[in-house]
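In what follows, a single structure is set out as structure tokens and then discussed.
What follows draws every value from the coordinates through simple rules; no lab data is involved. As the structure is a prediction and not an experimental result, all values here were calculated from the model. Glycine gets a Cβ as well: all are built from the backbone with ideal geometry, and neighbour counts include every protein chain shown.
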Amino acid sequence: MGAVNADARYSTFNNIAGNQHITYANHAPQSEKILATLKPVERGGYYVSQCMKGTREDIFKNIDQWLDDVDAPNVLWLSGIPGAGKSAIASSLVSKLTRHRRLGSSFFFRRGDVTLSDPAALWRTITFNLAKSSSVFASILIRVLEQREVDPDRPDITSHFQYLIQEPLMASYDHSLSYSIPVILVDALDECDSDRSQPAQRKVLLDTLTQWSRFPRALKLIVTGRDDRVPESFRAICQQIVLPTGGDVSADANNDIRRFFEERFTEIGGSSFLEWPGKQVLDALTTRAAGLFIWAETVVKFVEQGFPDERLKLVLKGELGGSDNLTKLYRQILELSFQGIRGPELEVSKFVIAAIVLAKLPLHYDDLHDFVAHSKLSVRFVLDKLSSVISSGGADKRLRIGHMSFSEFLCDRKRCPQQFFIDGGKQSRNLTMACFRLMKDRLRFNICNLETSHLFNHNVQDLPVRIKTNIPFPLLYSCRFWAAHLRDTMTNQDDHGTLMREVKDFLHVRLLYWLEVMSLTEGVSAANVALLTAVRWIEVSSFLIIVICNT
């Protein structure tokens, strides 16, 4: 990180100086309780790998220069197509800014996780982190929350920005006496509201990000993402760094990718094969990567999970159609992995993949069989085939698509082979039916075996243990997201009658049992949204059924 600019024209934050240690604010228990009402989003087991040491140095140099330039626009937009390495750069920046005591907060949006893609979660989380690192900011924020000027529970992004960010930030900035300020980083803005269910909320969030440009120039915000879902009004206020790919790929990017291949293949081959796979192969792979780090990483994973020489040959001769090398690689992985698999086995494999892609939260490795209604051995067979593009590692054993580009490929009828194409409406129907099946099998009266109904939930001392014991994740997921999956079936007009019978059966027989689970797990507000969603679905589907019956 570049030297801290100590221009006397700019006052800055206390406790976050570039050459000082962060002193976390010591809040009284009551203050901690007040800050907890912000409900910041935890990243859980989601972690983005950093750039390989020695790579992307030209990008980091440009970012350092921007950070030290108090006359430059205070918003930096790091853009590039999927797979260009934006999130890896963001992850490396978080580590660098932390080491230099300049990180105020970071937020990594993530497709496939309703909490990490929620537009209303951003400013609550950033505010909470700023309060933890600045006693001045925290004291101002606590007064705002005590006076109930804003309700963090309401997804009012405009109010969140004004009362939780703008006013405390400006007041802290004006009263600060130290030399540097915290930097805010937001990664993968294009994955915010990734299922397009909250377009109005996303637009409001973009408006607040644009308003950051009105802050003093020394208050820095870094945002990464694709250009295709960001309006020109936002890009116009930013200083932009574009990661070149394809025909525009830079020599620096090509050198970084070649270095990546060299080091990873050295790890695969070991000390006995230092020259493997040879200059010609490395040149060919680097050219094919065309600046896409996700292509390079996926190739390495694919090669190391089989006979390396044979898999490299398959990659190099792979010309299976598609408009780009990433498409060709994904097609090749699917067709080679499931070669000879047809009929019911292929349908099961596709449903396993679809469940991971369309899930509203990352599913647990050991729970996936509950949703697809097939054995753990069948699930493991599919996951082993796709270990180069689907991750099941990590401490939490959650299943995650390696990169958003693979999900987009699977859901694109033009790019994905027909036998693997995921029809969102049809597969959402399967997931909805799975949720209804799990709730039918496992919901019951007084599910947590409470001795009395005269206590508030928060007064039941061992309630968290009871919930964990009696409401396992597959059931809790089904209770939380059956309506969201039901909404996603709107694009599929097949067999609405069967789904309608399941919805009516649920509402007539298990509604109160479901409400009990939602109350115990603090999901009453979500229950309200779910019921409204179901009503809307019933209205539309009833009309479709009438039309179909009359044709």
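Remarks
- Sequence-distant residues sharing a close amide H with LEU243 (under 5 Å, placed H): SER79, GLY80
- With θ taken as phi - 60° and the Karplus curve 6.51 cos²θ - 1.76 cosθ + 1.60 applied, the whole-hertz 3J(HN,Hα) list for region 333-338 is 4, 5, 6, 6, 5, 10 Hz, x standing for glycine and proline.
- With θ taken as phi - 60° and the Karplus curve 6.51 cos²θ - 1.76 cosθ + 1.60 applied, the whole-hertz 3J(HN,Hα) list for region 197-206 is 8, 10, x, 5, 5, 5, 5, 5, 4, 4 Hz, x standing for glycine and proline.
- Listed from fewest to most Cβ neighbours within 10 Å, the set LYS426, LYS220 follows the order LYS426, LYS220.
- For region 321-394 versus region 97-112, the gap between their alpha-carbon centres in whole angstrom: 31 Å
- Cross-link partners of LYS313 among aspartates and glutamates, defined as those whose alpha carbon lies under 18 angstrom from its own and excluding same-chain residues fewer than eight positions apart: GLU262, GLU275, ASP283, GLU297, GLU304, GLU335.
- Placing one equal scatterer on every Cα of region 227-268 and applying the Debye formula, the log10 ratio I(q)/I(0) at q = 0.15, 0.16, 0.23 Å⁻¹ is -0.58, -0.62, -0.82.
- Anisotropy class of region 347-408 from Cα gyration tensor, a/c 1.5 cut: rounded
- Taking N as its residue count, the alpha carbon Rg of region 29-243 over 2.2 N^0.38 Å: 0.97
- Reachable lysines from LYS426, criterion Cα separation under 28 angstrom, eight or more residues apart if same chain: LYS328, LYS350, LYS360, LYS376, LYS385, LYS397, LYS414, LYS440, LYS504
- Sorting TYR330, TYR477 by the number of Cβ atoms found within 10 Å of their own Cβ, with the fewest placed first, yields TYR477, TYR330.
- A cut-off of 5 Å between modelled amide H atoms, ignoring neighbours fewer than 5 places along the same chain, links LEU450 with no other residue.
- Semi-axes of the equivalent ellipsoid for the chain, Cα gyration tensor, largest first, Å: 38, 36, 21
- Rounded to the nearest whole angstrom, the semi-axes of the ellipsoid equivalent to region 248-317, taken from the Cα gyration tensor as √(5λ), stand at 19, 13, 10, largest first.
- With helices as the sole contributors, the chain gives -15500 deg cm²/dmol at 222 nm; each DSSP H run of n ≥ 4 counts as -39500 (n - 2.57), and the sum is divided by every residue.
- Counting beta carbons within 10 Å around each of LEU206, LEU515 and listing the fewest first gives the order LEU515, LEU206.
- The modelled label-to-label distance for the pair GLU146/SER375, using points 7 Å beyond Cα in the direction of Cβ, is 6.3 nm.
- Phi angles across region 212-221 convert, under the Karplus curve 6.51 cos²θ - 1.76 cosθ + 1.60 with θ = phi - 60°, into 3J(HN,Hα) values of 4, 5, 7, 6, x, 4, 6, 8, 9, 10 Hz, Gly and Pro given as x.
- Note on ARG214 and ASP156: with the Förster distance fixed at 25 Å, the Cβ-Cβ geometry gives a FRET efficiency of about 0.80.
- For region 42-148, diffusion coefficient by Stokes-Einstein and Kirkwood Rh (Cα), 4 °C, 1.567 mPa s, µm²/s: 81 µm²/s
- Amide hydrogen neighbours beyond the local backbone of LEU103, cut-off 5 Å, H modeled: THR98, VAL183
- Net length available on complete extension from ASP207 to ASP71 is 46.7 nm, with 0.36 nm assigned per residue and the Cα-Cα distance removed.
- Centre separation in Å (Cα based) which lies between region 449-528 and region 182-257: 37 Å
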